[in-house]
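For reference, the structure discussed in these notes is given below.
Where a number appears in this text, it was derived from the coordinates with a stated rule and is not lab data. The model shown is predicted, which means the values in this text are computed figures rather than measured ones. All Cβ positions, glycine included, derive from the backbone under ideal geometry; neighbour counts span all protein chains shown.
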């Protein structure tokens, strides 16, 4: 059996009812492209911030030169860029010598400021890793990990929209052109069903493993558990963000992040903060500081009654798996409708642009001309 080599007939004119779907597909793709750019920039910034804080807070010792190396790189890049900018109008030889000299000064000069800012950066690092909203999300590394997953799901959705998802099209090549649209629609509908089945599986696993739903509970009961837990987690995140805004000025001024909040202030913050709307009186009482410790300092991190606060926002972030798969499933269904209305071409080579690539340079190729 050999692939069907019959030349495809002229593509049918798009049907009018598919035009709104095509516009929806274009707007959806534009939005996801913007989200990809935003997520990528956010991930780069998160990783750079984490590396910078780790490098600047690491003291130089006989066994650990990581802080010194980081300072050398920062100094060399900063002085090299400054010298290049200042000598742009100078002769090339002068500019080259000045830039290389500045880089050398930056590398060698790192030893002079190897101990600068260690205490300040350590305090900042300890705050956002141990007592800030980022703590609830697993720190900057946790945020970067979830941004990577989000980027992958967005990329998968964009690939699906453009027909560049992983696809074994050998069967399609054996079909006559008239059968290719029904075959493509059947394949995309099947892919959508698989995505929606994965949505159910992921959500069930997250509801049980992250939100404490019972394994034998009904789907509606699991959804209710997740909804209630999410409401509590969002409440805690808002409260923690309020603490962060009060802690930030102290950290910026170089004060210890855990030195400004007293036990009495903590108790007043709990009693007046609406905690009773989410937790029972006994649970609220359990997070209060005893009167004997009213004058002691208290860390500026929310306390979950009867639970742990570290990483609770990761539970909510894990829901991006079923949500992303649901979006990909909808993309498959939308693509099936676009094919049914002849808004897109289902030819096996269309997604890869092979005909265009093969003949793109024909007009300027000397042999062709």
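Considering only the Cα atoms of the chain, their convex hull presents on average a projected area of 32.3 nm².
With Cα atoms defining each centre, segment 102-147 and segment 243-300 are spaced 26 Å apart in the structure.
The listed peptides 186-199, 61-74, 309-322, ordered by packing as a protection proxy, come out as 309-322, 186-199, 61-74 (highest mean of other Cβ atoms within 10 Å first). Every helix of 4 or more DSSP H residues in the chain counts as -39500 (n - 2.57), and over all residues that averages to -21500 deg cm²/dmol at 222 nm. Is segment 41-89 rounded, prolate or oblate when judged by the Cα gyration tensor, a ≥ b ≥ c being the square roots of its eigenvalues, rounded requiring a/c under 1.5 and prolate requiring a/b larger than b/c? Note, shape of segment 41-89 comes out oblate. First check a/c for segment 60-114, with a ≥ b ≥ c the square roots of the eigenvalues of its C-alpha gyration tensor; if it is under 1.5, answer rounded, and if not, answer prolate when a/b is larger than b/c or oblate otherwise. Prolate, since a/c reaches 1.5 and a/b exceeds b/c. Judged by the gyration tensor of its Cα atoms, with axes a ≥ b ≥ c, segment 1-121 is prolate; a/c meets the 1.5 cut and a/b is the larger of a/b and b/c.
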